[in-house]
Amino acid sequence: MLRAGHGLILAVLTLLVIGIVMVNSAGLVVAPDPSLLQSGQVTAEQFERMVANYRPISFEQIFFGRTTILAFISLAALAAAAFVPVDRLLTLRGARSPIPWILGGIILTLVLVHVPGIGREVNHSARWIGSPTYGFQASELAKWGMVVVMSWYCIRHGGTLRTFTRGFLPALAIVGCVAALIAVEDLGTGVLVFGACLMLLVVGGMRWRDVLLLVPVGALGAVAAVVASPYRVNRLLAWNNPWSDPEGIGYHIIQSMSAIAGGGVQGLGLGNSVQKFGYLPEDTTDFIFAIVCEELGVFGALIVLATYATLLLTGLAIVTRGASRPDADSIVSPFSRLVGTGVLFVIGLQALINVLVVTGLAPTKGIALPLLSSGGSGWVMTCFSLGLLISIERTARKNERALGIDLSASPIDSAVVAASS
């Protein structure tokens with residue numbers, strides 16, 4: 001019988017396939033025209049660089065290129081995580097919990113990005129560790145690692161989570177420290193991690209009243225981060241009125257909206273985007289959704305959004321499996337439910353922020369579209385985290401068999417399966 005986990009895997013496969021196709025399509029470049037050199041519009045050195053960078057689309061590039069290889073590595077990570085016993089993260093062979101080591105690793109990698117020779121700058125931001133070939137983005141480890149850390153915190157401090165001094169303040173210190181380290185170089189991801197962790201804490205039992213106290217604090221912190229960086233101020237000004245400087249600060253969002261409007265309902269056809277040829281920056285990464293809209297139109301955009309909805313709904317069916325039963329904890333443990341919920345929060349918020357930015361409904365920010373935007377560590381870590389949901393479902397089914405029950409035909413599960421198929 002088709003289960004929610006199968007629907008989640010199908011949604012992941014769909015997004016990765018669309019990602020491979022669209023990244024290759026958006027990465028197309030115009031072949032160098034010798035007349036540019038003959039007319040003196042470019043120098044010989046510039047023309048040679050254009051020839052060196054030109055990569056015509058080919059069968060080998062699509063099926064054996066970097067993007068496809070990364071997709072297979074990501075699927076391997078998904079499969080590996082499906083056999084990770086999530087509850088073992090609370091303890092390691094009966095010894096002390098590994099969570100402090102995970103938190104320490106998160107903070108260490110966020111600091112190492114600023115160490116010369118270890119950290120690496122991309123687009124004037126120090127976010128990477130290692131070489132361009134074998135490096136990884138430190139914020140990806142933080143983004144997914146904090147889901148596990150905060151889930152552990154909710155279980156470990158469940159009795160005091162609703163208190164201000166022993167529950168709220170320590171959680172705020174942990175989340176605030178990590179989010180601040182991320183926001184130094186990547187404000188968008190810092191806000192994403194902060195928001196997802198707060199939502200997870202509320203689900204874990206923290207009082208809404210305490211969380212609402214963070215709204216003005218978070219707003220002041222965001223304002224300070226924006227004011228401290230002139231380029232962030234320019235992004236806010238461009239979001240308010242991009243046409244005030246269409247060739248400067250408003251250029252990016254104008255080109256994105258032009259791509260979306262140019263696609264119309266049916267789209268220009270796969271590979272026929274105009275904006276990707278030197279007009280729209282970051283067309284294979286943060287703004288790939290604009291290329292999807294331009295080439296595949298409204299229908300293509302709706303397919304992508306529906307696939308994300310399917311992924312979230314199937315994940316929801318897994319984490320809520322047997323939740324209404326009195327013996328719910330013996331089917332899916334509270335820790336597993338929190339980890340799965342945190343993964344869904346991160347993916348949902350990240351996709352929402354990206355779509356809002358690309359469509360001009362939020363200020364421009366470097367937030368990738370999960371499993372669609374070109375990426376290495378992002379794809380692998382996202383798939384690994386989703387693989388934990390598969391592991392949660394496998395454990396739940398094992399526990400159900402031990403209890404002599406079967407929840408595969410539950411209303412939520414059946415509805416999600418029907419939607420995904």
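The values are calculated or read from the model by the stated rules, or taken from the named source; none is laboratory data. These numbers were taken from a predicted model, which means no experiment stands behind them. Every residue, glycine among them, receives a Cβ derived from its backbone with ideal geometry; neighbour counts consider all protein chains shown.
Data overview
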| quantity | calculated |
| --- | --- |
| Matching option when the condition is touching a residue at least 12 places away in the same chain (Cβ under 8 Å), in contact with a helix residue (DSSP H, G or I) (Cβ under 6 Å, 6 or more places away or on another chain) and either crowded, with 24+ Cβ neighbours inside 10 Å or not assigned by TED's automatic domain parsing to the domain that holds L75 (or both), among G342, G376, G348 | G342 |
| Candidate set: the stretch 41-63, residues that are modelled with pLDDT under 70, among the aromatic types (F, W, Y) and assigned to a helix (DSSP H, G or I); chosen: the one farthest from P370 (Cα to Cα) | F47 |
| Boolean, F289 is modelled with pLDDT of 90 or more and in the same structural domain as Y251 (by TED's automatic domain parsing) | yes |
| Selection count, the stretch 200-212, where residues are surrounded by fewer than 20 Cβ atoms within 10 Å (Cβ to Cβ), closer than 16 Å to L169 by Cβ and touching a residue at least 12 places away in the same chain (Cβ under 8 Å) | 3 |
| Residue that is over 18 Å from A362 (Cα atoms) and in contact with a Pro (Cβ under 9 Å, 6 or more places away or on another chain), where the choices are G204, G278, G262, G269 | G204 |
| Near pairs, Cβ below 9 angstrom, 6+ apart or cross-chain, from the stretch 36-48 (among the aromatic types (F, W, Y)) to any residue that is at pLDDT 70 or above and loosely packed, with under 13 Cβ neighbours inside 10 Å | F47/P34 |
| Residue tally, condition over 22 Å from the mean Cα position of the chain (by Cα) and part of a helix (DSSP H, G or I), over the stretch 297-334 | 7 |
